[in-house]
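Working notes, beginning with the structure itself.
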Amino acid sequence: MATYKKKYKAESKKQENVIDESEFETAGVLNTLDETASKSEQWIEKNSKPLFMALVTIVVLFLGYLGYTKYVVEPNEVEASNELAFPRKYFDEAATAGTGIDSLLNLGIEGADGKYGFLDIADNFSGTEAGNLANYYAGVSYLQLKNYEKAIEYLSKFDSDDEMLGPVALGAIGDAFADINQPEDALEYYEKAADKKVNNFTTPLFLFKAGQTAMELKNFSEAQKLFTKIKENYSKSDQGRDIEKYLAAAKYAAK
């Protein structure tokens, strides 16, 4: 009689315990954070006084700045502006006077009757807007008095992003250099004036002056470039109306 072997299933091995290493990593991170926090607390505790003093210093500086602005800068600006009104009167009168122009300009520059002139205001209120403007008025006054070195000195101290005053001041320096026969410097400042603030008045005016100065220097290619800018961009300006003949002259001279 045939016999059959019984098939037995292999007895499964007992599942081994698996250790989750991530638990150790997390614990390590937490321990590290605790140690870091503890060290930070110790550092803050140790340096609490210097930190507090630094904070107080910042607050004091900020309050000092606000106080300086309110009680020093602003009143100084107001005082300087009030002082500027006196010499401005003589400057404005000189612009329309038929005679005695030099006397009026000098009164504006030097002051009178115990009042400040432009030079005093520029010196005593430097850093204020009125002090800055005083440099401009002094420079223009000296230019009209044909004291070109002084004109350049004071106009060079003036700084403005105003649409008109900024370019006009640079152009006036160019005029002063032109009048003392320094055309290279004049050309430089005319070009600076033309580029300072692009508009339909000062830009073509100083491009034209720069072009004429370039012609004087026999720099005909530069003159051609400057006159071409006027033709292409400012044809309706006073300088643009007759620019063709100046451009033609520059082209002819360049041959």
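Side notes on the structure shown:
- Some residue of region 138-155 being closer than 18 Å to Ala194 by Cβ and not charged (D, E, K, R): yes
- Yes/no for Ser221 being in a loop (DSSP other than H, G, I, E, B), of a type in the set (Gly, Ala, Ser) and either at pLDDT 95 or above or under 20 Å from the mean Cα position of the chain (by Cα) (or both): no
- Take the conditions (1) more than 24 Å from the chain's Cα centre (by Cα); (2) in the same structural domain as Asn106 (by TED's automatic domain parsing); Tyr136 misses just one of them, which is (1).
- Criterion: in contact (Cβ under 8 Å) with a residue 12 or more places away in the chain, β-branched (Val, Ile, Thr), outside any loop (DSSP other than H, G, I, E, B) and surrounded by fewer than 17 Cβ atoms within 10 Å (Cβ to Cβ) - qualifying residue of Thr203, Thr228, Thr213: Thr228
- When each of Leu119, Leu145, Leu155, Leu133 is tested for being touching an Asp or Glu at 6+ places or on another chain (Cβ under 9 Å), among the aliphatic types (A, V, I, L, M) and closer than 26 Å to Glu188 by Cβ, the lone residue that passes is Leu145.
- Enumeration of residues in region 105-123 that are within 29 Å of the chain's Cα centre (by Cα) and touching a residue at least 40 places away in the same chain (Cβ under 8 Å): Ile121
Yes/no per residue for (1) farther than 29 Å from Ala130 by Cβ; (2) outside the structural domain of Phe125 (by TED's automatic domain parsing); (3) not aromatic (Phe, Trp, Tyr):
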| residue | (1), (2), (3) |
| --- | --- |
| Asn147 | no, no, yes |
| Ala172 | no, yes, yes |
| Ala178 | yes, yes, yes |
| Glu184 | yes, yes, yes |
| Lys192 | no, yes, yes |
| Leu217 | yes, yes, yes |
| Asp242 | yes, yes, yes |
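- Look at region 171-182: where a residue is closer than 14 Å to Gln212 by Cβ and a partner is acidic (Asp, Glu), sitting 6+ places away or on another chain with Cβ atoms under 9 Å, you get Gly174/Asp185; Gly174/Glu188; Gly174/Glu191; Phe177/Glu184; Phe177/Asp185; Phe177/Glu188; Ala178/Asp185; Ala178/Glu216.
The values are calculated or read from the model by the stated rules, or taken from the named source; none is laboratory data. Source: prediction; values computed, not measured. Cβ sites come from the backbone with ideal geometry, for glycine too, and all protein chains shown count toward neighbours.
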